[in-house]
Amino acid sequence: MKSVGLKIDGRWFKQLSIGILAGSMMIVALCSIVFIGGGVSFQINQSFNSSILLNSFYLFFVGAFMEELLHRGFLFQRLIDGLGFWTAQLLIATVFAVGHWTNPGMEGVGQVIGSLDLFVGSLLFGLAYYKTKSLALPVGLHLGWNWCMGNVFGFNVSGHSATGILTPQLNDMPSWFTGGNFGLESSAISVLIGIFALVIMWRWSGMNEGRALAAS
């Protein structure tokens, strides 16, 4: 298990926590832009309680952990060894995006934007693994993104409904801006934030590793 990035120690939990915080901050930025742009309004969910928050955190953790183990675990790492990092990234990102095509709300323009967002997200998670050689950071990013989007702001997560501290009400604006029924992941703003995060992740580990990545 250690060889696929599951060496559970203090460093692993530190990276997990950083990932949760970073993923959550990405959602805060995304929601803020859509809110300021007039795409959504919010109300406090009076029926929400702490048990829902904790239970949902656990469920989102299990989901993020399993998805990252599947997409950034043994198969991804062997593809890196055999085909090089970027080829492995593109293959797994395609599988990751296509795997969500049957989700609710995946239709029309939303399917195009949502698929692109998921593709970029997969590249971010893959790069997070490659920079740390651990699944902790990608699991944390994935968890923070989903949990904050669903159980803080109340948006659908990849088309699936979630109960949040807030209840969003989409305003009469294009779905490419608000994300529509699929959720914020099919908003063009989400794609831009994902690309920005991808650039930050690339620069985070230094130029020497960046040159090694480019060479592969």
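All of the numbers you see were taken from the coordinates with simple rules; none came from a lab. Please read all numbers here as calculations on a predicted model, not as lab measurements. Backbone-built Cβ (ideal geometry, glycine too); neighbour counts: all protein chains shown.
Here are some notes:
- Label zone at I165 (point 7 Å along Cα-to-Cβ), backbone N below 15 Å, region 26-55: 26-29, 31-32, 42-55
- Remark: the chain projects, on average over all directions, an area of 11.8 nm² (convex hull of Cα atoms).
- Within a straight-line Cα-Cα reach of under 16 Å, K133 can be paired with the following aspartates and glutamates, leaving aside sequence neighbours fewer than 8 residues apart in one chain: D9, E68, D81, E209.
- Note on L70 and L53: their simple-model spin labels are 3.0 nm apart, each label 7 Å out from Cα toward Cβ.
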